1. For the range 152-197, name all the residues that are at pLDDT below 85, outside any loop (DSSP other than H, G, I, E, B) and crowded, with 19+ Cβ neighbours inside 10 Å.
2. Sort through 561, 583, 595 and tell me the only one that's more than 21 Å from residue 608 (Cβ to Cβ), touching a strand residue (DSSP E or B) at 6+ places or on another chain (Cβ under 8 Å), at pLDDT 60 or above and assigned by TED's automatic domain parsing to the domain that holds residue 606.
3. Within the bounds of the range 470-491, is there any residue that is out of contact with any strand residue (DSSP E or B) (no Cβ under 9 Å at 6 or more places or on another chain) and on the phi > 0 side of the Ramachandran plot?
4. Go through the range 332-351 and count every residue that is at negative phi and assigned to a loop (DSSP other than H, G, I, E, B).
5. In the range 390-424, which residue that is surrounded by fewer than 20 Cβ atoms within 10 Å (Cβ to Cβ) and in contact with a strand residue (DSSP E or B) (Cβ under 6 Å, 6 or more places away or on another chain) is farthest from residue 324 (Cα to Cα)?
6. Regarding residue 244, is this residue assigned to a loop (DSSP other than H, G, I, E, B), in contact (Cβ under 8 Å) with a residue 12 or more places away in the chain and buried (at least 21 other Cβ atoms within 10 Å of the Cβ)?
7. Working only within the range 366-389, note down all residues that are at positive phi and buried (at least 24 other Cβ atoms within 10 Å of the Cβ).
């Protein structure tokens, strides 16, 4: 049956195409002659087809390359029987009837699905391949072709989604990123990769490192397609010719997973040591490390991941597929790693039966991770669909490679902020999450940055802590990443009971500390962490409780205020700009002023008072970045204020009038343009 199918497919090809394909496959062609011969029914058949038929049995394995690309596209058991062009339409039904009779004599049934009498005269039939030799010898039959799939030539949904915000997809739906990521090098820690697959051929180097545990159980079959499945698919998402995000990026495979997709923390640590040694031997320039795996919380795994970032690599990790808080797992819980959750076609959280994407404050952003088509290890031209946060992390790794190819000297934290800057905000419905996770999970879906280079921007993000305990002395702490400056610190108490927040130095770095109030139910600390060239921030405390905290010198801008008190906070200190950039404190309160300097940095204050609602929102205008989100109230307790994108949202415990939202908006003054006022 397989040999007959090989001959059948070749009979429908012109002789010159058969000859060229055989040469491409490096098969012997010297004995193929362009002559005629008669078959057993006296029908004239090209000798090229006849010779290929003679070679089919001995060369069958090699001949698979002749139609390798189409092999995965076939519709098995379904054939188009084409009659000669001069055949009258009435012969279609006669030919069908003759085929039914001959097949029936040999115990075969067939099902005619469609007849054609226009450009093609013939019919579509579902039958066993054992009937092919009967069909091809019928009068008026010109050739038989196996039915196959056809495909719309537009980018898959996941690639179109990456380009959607910035019109990177053409009208035909093709995928056009700013560059192909060829200046970046990606280390993929996974299982095996089918390096001969057309999607990644020539771009994957299998390193000499391997730390793979034995498979569990006795039923494991180490077929290549099983061992290579996950790694091949992920590699295709990163840099596949048709399915990849960064189609020119080079991949280095570091094997840490076995055929079951299982590894060990010790093996992963050894793999990271291998990558670290490679980075030290050759200073990194555009290096991405992709960790498409998850394990239980491990300080060791987190520390090794953090060290790779310190060496200059952009490290990305899968958030996990357990529908839980990503902070419970490693390396997803490491703050220096870019942790990626998964969304589906509708930009909603990916679901997998009882599981689904992880979430929470340890996730940095989400990316397409559901029903992703990429390279399959079943054959060198096969594709398949997989879902998971591994696929989502692979998308983000591809975006990182594109960013690094445009900005060769970008640091890991600059790559993160660029990804966040161009992500789609507030597209995900978080109603399925708990109230805590709705607060702390970033509502961001990754997108490709645009091709056009913009002026240097001040980029900021909000970093939430875990919730503090409920004792009055309990506190929550939030920190920025290496390379970020903390431009403000705020707090959020769901019940409105908190004792304020402060910024303290610890180990040479600033920490945002939020304090739970008496009989409070816990509080969150929210640091506003920012990056821009030469940005430097420092904190000035008020000399005494009740006195203002000020920035010194004209070059330092007030970017945030904090307030701390032994008693529950009703209203925080208010920032004041002008000749004296200060945080105005009330009696008994200690204030801290965050004062920052960078070339051409300018800041302004926006304030909005709610007339009668318990929530108020104030937003910075386009081109400006919010560095602080504060609140003031005339009487009702404040639940807290929080930055959501470039907006400041303030909630009070009761619906009292007079609640004010206060935002500090900063930017780098555009070159050769005057500063436009903020209204």
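1. First, the residues of the range 152-197 that are at pLDDT below 85: 152-156, 164-174.
Now drop any that are not outside any loop (DSSP other than H, G, I, E, B), which leaves 164-166, 169.
Selection gives 169 alone.
2. 595
3. Within the range 470-491, none of the residues are out of contact with any strand residue (DSSP E or B) (no Cβ under 9 Å at 6 or more places or on another chain) and on the phi > 0 side of the Ramachandran plot.
4. 11
5. 421
6. So residue 244 fits the description; yes.
7. We begin by selecting, within the range 366-389, every residue at positive phi; these are 371, 388.
388, the sole residue that qualifies.
Conditions (1) under 27 Å from residue 182 (Cβ atoms); (2) at pLDDT 95 or above, marked per residue:
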residue: 308; (1), (2): yes, yes
residue: 314; (1), (2): yes, yes
residue: 317; (1), (2): yes, yes
residue: 320; (1), (2): no, yes
residue: 349; (1), (2): no, yes
residue: 352; (1), (2): no, no
residue: 361; (1), (2): no, yes
residue: 365; (1), (2): yes, yes
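The values are calculated or read from the model by the stated rules, or taken from the named source; none is laboratory data. Keep in mind that what you see is a predicted model, and the values were worked out from it rather than measured. When we count neighbours, we look across all protein chains shown, and the Cβ atoms used for this are built from the backbone with ideal geometry, even at glycine.
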